[in-house]
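Trainee: My questions will all concern the structure given below.
Every number here is computed from the coordinates shown, using simple stated rules; none is lab data. Keep in mind the model is a prediction, meaning the values are calculated, not measured. In this analysis, Cβ positions are derived from the backbone assuming ideal geometry, glycine residues included, and neighbour counts consider all displayed protein chains.
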Amino acid sequence: MAENDTLADHERAAEDLALGSVFPTPTREQWEAEVLKVLNRRRPPGQELPIDKALDRLRATTVEGIMIEPLYTSSDRDLGFPAVGTFERGATIRTGEMDAWDVRQLHEDPDPATTREAVLQDLERGGTSVWLRSGSDAINPDDLENVLADVLLDLAAVAVSSRDDQVAAAASLAKVWKDRGIDLTTATGNLGLDALGLAAVTGTAPDLTPHRQWVAAALAELPGVRALTVDVLPYHDAGASDADELGLAIATGVDYLRDLEEAGIPPADAFTQIEFRVSATADQFLTIARLRALRRLWSRVGEVIGIPAELRGARQHAVTSWRMMSRDDAYVNVLRTTLACFAASVGGAEAITVLPFDTVHGLPNDFSRRIARNTQIILAEESNIARVNDPAGGSFFVEQLTDELAEAGWAWFQQLEAAGGMTKAVGGALVADRLAASAAERDRRLSDRSAPLTGVSMFPQAVEPAIERTPRPPAPDSVLPRRRDAEMFEALRDRTSALGEGGNAPTVLLAALGSRRDFGARETFTTALLGVAGIGTTLVEGTDPAVFAQGLKDADTNVAVLCSSAAMYAEHGQTVARALREAGATTVLIAGNAKELGEAPDGTVDGALFAGVDTVPLLTSILDTLETAR
């Protein structure tokens, strides 16, 4: 009787805890009313925003033009299940084990002894597989036997890649497996052949012939090994958008299937030989949606060509983006890679590589490799992400974003197909122009800081701590541009450092009119904006024009910025600007809007600093002016 009473109490308690049921479901109209209340709070009567204008303020667009709405609501879609159907919810089912994904760390140090030790250390401390990059600027193919000497090859998977000689890397790894005398059916990994990716990087004509040989060999002797990798990282590093990556990945995979079918390899067998290497960025939602969309698109390819339903899932190896890594304030890279790793896991990647935070500075050391490795382990074992299948599934936003990315990626894939396929398009203007357009749009967003980079374009450090690492060997030439998002800002800091090499660091005078309550906000904003280029500031307060004129001379600079409120600008701005000109200021700027000076003559100020300003040209112009005073 007591047990039944206890059960009844629990059931009643569960009913009592349904707290959401006692609240009325809000309508969209009610939500819109709250939006208007917030956005119109400080607008004068008669100038309130209507709802359409208010929602425009809250919308954003991705680089490929996908609109991000401020609110997403439910739909009646059938979510399906992981490992079935379109596979967007995952190509495999996570069972709750801590090895739900492959912790695959990258090794590329040319010194075989160093790499051998690092490989063993990673495997002993949480890594589950090894990714070795071979080539003229990385590990010599002949050193693979030495590098893998301590690895139990029947337990740990090994993947290889190369930017200049993929066949040599594949042959060397296959030789290691055979020479070691292990049961070849237990070998797992990837031979890293990607002829179209190699052609895109080197500018040479693609040669898919080795694919046929190595796929046949893998099917016959190495059932646990995939011979081919569709690597979209070179396109990502050249500026590709998320939709660009999807279209390029699918187009490449389809051409590989065509070529293998011509060689007599059944499509179902060829399908099992392809792994996709994709980027994971700090934009977690776009990364999650892109990985889900790729599986949907690849499943559709499999459906059209008659691949058995259970084989249509795309296996993905996600690598945290090199393009998003910064040289300056490098420890912020730990935050970026954590977000990217989280997104790759939630997106369902089967293998994940986290690049060390010091990647830009040179070859990583033990500490940075440990941080990279433990990022995955903590997310899997302490955050329990590995226990959940498709945790983003059902999110109205993620589902809609997956749909739109899939549509955009498929449309781009169709353009490539119409041009004759990826084999013909890889070295042509179609791909190059598309990448250039996406890169230009991203550069625009970086420059006006609508795509902010923490520690670089936002909240920069005044002094960068030194990070010393072993330099990387010179990389082989690439016809694809390879650059990081932060480089445009790092170039500004380098220029500032060069100007200050003689001990006289370039400085801008901040003419702070009035008291702290008048100029505080804009002075803080201006200091941080100039700090993006490493430009120092000298603050002079007050309203006396003579004080500011003397301050300009004492600071030994020819650039000044007015910082204050609209009221102070109206009362003192023009007078102070003239005094600064007479004292030798070549450039006078205003923090805010030049209209706040009132009816000022043309040339009173030379420009304005405000949220959304095109930062790189502005700071370049300031440095140009400061250089004339050297």
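Trainee: Where the centroid of each part is defined by its Cα atoms, how far is segment 157-194 from segment 353-395 in Å?
Mentor: 25
Trainee: Contact order normalised by length for segment 178-336, with contacts defined as Cα pairs under 8 Å and 6 or more residues apart; what percent is it?
Mentor: RCO, segment 178-336: 21 percent.
Trainee: If I fit a long axis through the Cα atoms of helix 284-304 and take the longest principal axis of the Cα atoms of the chain, what angle between them do I get, 0 to 90°, rounded to 10?
Mentor: Its long axis makes an angle of about 40 degrees.
Trainee: Can I ask one more? State the Cα centre-to-centre distance between segment 101-117 and segment 408-444 in whole Å.
Mentor: For segment 101-117 versus segment 408-444, the Cα centre distance is 33 Å.
Trainee: Okay, next question. Once you sort the root eigenvalues of the Cα gyration tensor of segment 420-471 as a ≥ b ≥ c, which label holds: rounded (a/c under 1.5), prolate (a/b larger than b/c) or oblate (the other case)?
Mentor: oblate
Trainee: Suppose the chain between Thr204 and Thr92 were pulled fully straight at 0.36 nm per residue; how much longer would it get relative to their current alpha carbon spacing?
Mentor: 36.7 nm
Trainee: Which residues in segment 474-491 have a backbone N closer than 15 Å to a point placed 7 Å from the Cα of Thr114 along the Cα-to-Cβ line?
Mentor: Answer for segment 474-491: 474-475.
Trainee: Shifting gears a bit: Straight-line reach only, C-alpha to C-alpha below 14 angstrom: list the aspartates and glutamates that Lys595 could link to, leaving out same-chain residues fewer than 8 apart.
Mentor: Within reach: Glu571, Asp606.
Trainee: Can you compute the equivalent ellipsoid semi-axes for segment 61-104, i.e. the square root of 5 times each eigenvalue of the Cα gyration tensor, sorted largest first and rounded to whole Å?
Mentor: Over the Cα atoms of segment 61-104, the semi-axes work out to 29, 18, 11 Å.
Trainee: Follow-up question, since we're still on this one. Give me, ordered by chain and number, the residues 5 or more places off Leu589 or on other chains with an amide H under 5 Å from its own placed amide H.
Mentor: Ala560, Val561, Leu562, Asp606
Trainee: Read phi for every residue in segment 336-346 and hand back ³J(HN,Hα) as whole Hz from Karplus 6.51 cos²θ - 1.76 cosθ + 1.60, θ = phi - 60°, with x for Gly and Pro.
Mentor: Listing the rounded values in order: 4, 6, 5, 4, 5, 5, 4, 5, 4, 5, 4 Hz.
Trainee: Are there any trypsin sites (Lys or Arg not before Pro) in segment 508-573 that are in a DSSP loop and have at most 15 other Cβ atoms within 10 Å? List them by number.
Mentor: none
Trainee: A follow-up question, please. So how strong a dipole does segment 126-195 carry about its Cα centre when Lys and Arg Cβ are +1 and Asp and Glu Cβ are -1, to the nearest 20 debye?
Mentor: Its charge dipole is roughly 140 debye.
Trainee: Can you spot the lysines whose alpha carbon is less than 23 Å from Lys553's alpha carbon? Ignore those fewer than 8 places along the same chain.
Mentor: none
Trainee: If you don't mind, there's one more thing I want to ask. When only Cα pairs under 8 Å and 6 or more residues apart are kept, what is the percent relative contact order across the chain?
Mentor: 12
Trainee: So, with +1 on the Cβ of K and R and -1 on the Cβ of D and E, and no other charges, what is the size of the charge dipole of segment 452-529 about its Cα centre, to the nearest 20 debye?
Mentor: Charge dipole, segment 452-529, about its Cα centre: 180 debye, nearest 20.
Trainee: I would also like to ask the following. Mind listing the long-range amide H neighbours of Gly135? Cut-off is under 5 Å, sequence gap 5 or more, other chains count too, H placed in the peptide plane at 1.01 Å from N.
Mentor: Amide H neighbours of Gly135, under 5 Å, 5+ apart: Asn140.
Trainee: Right, another one. At a 10 angstrom cut-off on C-beta neighbours, averaged per residue, how do the peptides 50-63, 555-568 rank from highest to lowest?
Mentor: Order by mean packing, descending: 555-568, 50-63.
Trainee: Once amide H atoms are built 1.01 Å from N in the peptide plane, which residues 5 or more positions from Thr92, or in another chain, come under 5 Å H to H?
Mentor: Ala83
Trainee: To continue, here is another question. Lys/Arg Cβ at +1, Asp/Glu Cβ at -1, dipole of the chain taken about the Cα centre: which of Ala611, Ile274, Leu435 is farthest positive-ward?
Mentor: Checking the options against the dipole of the chain, the answer is Ala611.
Trainee: Residue by residue through segment 161-172, which ³J(HN,Hα) values in whole Hz follow from phi under the Karplus form 6.51 cos²θ - 1.76 cosθ + 1.60 (θ = phi - 60°), with glycine and proline marked x?
Mentor: Karplus-based 3J(HN,Hα) across segment 161-172 equals 8, 7, 9, 9, 8, 5, 5, 4, 5, 5, 4, 5 Hz.
Trainee: Of Gln316, His572, Leu626, which is farthest along the charge dipole of the chain in the positive direction, counting Lys and Arg as +1 and Asp and Glu as -1 at C-beta?
Mentor: His572
Trainee: For the charge dipole of the chain, defined by +1 on Lys and Arg C-beta atoms and -1 on Asp and Glu C-beta atoms about the Cα centroid, which residue among Gly503, Phe342, Ala54 has the Cα displaced farthest towards the positive pole?
Mentor: Going by the Cα projections, it comes out as Gly503.
Trainee: A follow-up question, please. Step through the residues of segment 536-542 one at a time and calculate ³J(HN,Hα) from phi using the Karplus curve (6.51 cos²θ - 1.76 cosθ + 1.60, θ = phi - 60°), rounding each to whole Hz and writing x for Gly and Pro.
Mentor: Running phi through 6.51 cos²θ - 1.76 cosθ + 1.60 with θ = phi - 60° gives x, 10, 10, 9, 10, 10, x Hz.
Trainee: Which whole-angstrom value gives the distance between the alpha carbon centres of segment 216-286 and segment 305-332?
Mentor: After rounding, the separation between the Cα centres reads 11 Å.
Trainee: State to the nearest 20 debye the size of the charge dipole of the chain about its Cα centre, where the only charges are +1 on K and R beta carbons and -1 on D and E beta carbons.
Mentor: Dipole size: approximately 960 debye.
Trainee: Show that you can apply the helix-only estimate: for the chain, add -39,500 (n - 2.57) for every DSSP H stretch of four or more residues, divide by all residues, and state [θ] at 222 nm to the nearest 500.
Mentor: -14000 deg cm²/dmol
Trainee: I've got another one for you. With everything on Cα atoms, drop me the angle between helix 366-381 and the longest principal axis of the chain, reported from 0 to 90° to the nearest 10.
Mentor: 70
Trainee: Let me know the shape class of segment 124-182, please: from the alpha-carbon gyration tensor, a ≥ b ≥ c as square roots of the eigenvalues, rounded when a/c is under 1.5, otherwise prolate if a/b is greater than b/c, or oblate.
Mentor: Note, shape of segment 124-182 comes out oblate.
Trainee: Using the Cα gyration tensor of segment 22-64, with a ≥ b ≥ c the square roots of its eigenvalues, what is the shape: rounded (a/c below 1.5), prolate (a/b larger than b/c) or oblate (neither)?
Mentor: Verdict is oblate for segment 22-64.
Trainee: Could you tell me how many degrees, from 0 to 90 and to the nearest 10, lie between the Cα long axis of helix 396-418 and the main elongation axis, the longest principal axis, of the Cα atoms of the chain?
Mentor: So the helix axis and the longest Cα principal axis differ by about 70 degrees.
Trainee: Moving on. What do the square roots of 5 times the Cα gyration tensor eigenvalues come to for the chain, in whole Å, largest first, as semi-axes of the equivalent ellipsoid?
Mentor: 49, 33, 24
Trainee: Separate question: For the chain, which span is the longest to avoid every loop-located (per DSSP) member of GluC sites (Glu not before Pro) having at most 10 other Cβ atoms inside 10 Å?
Mentor: 98-381
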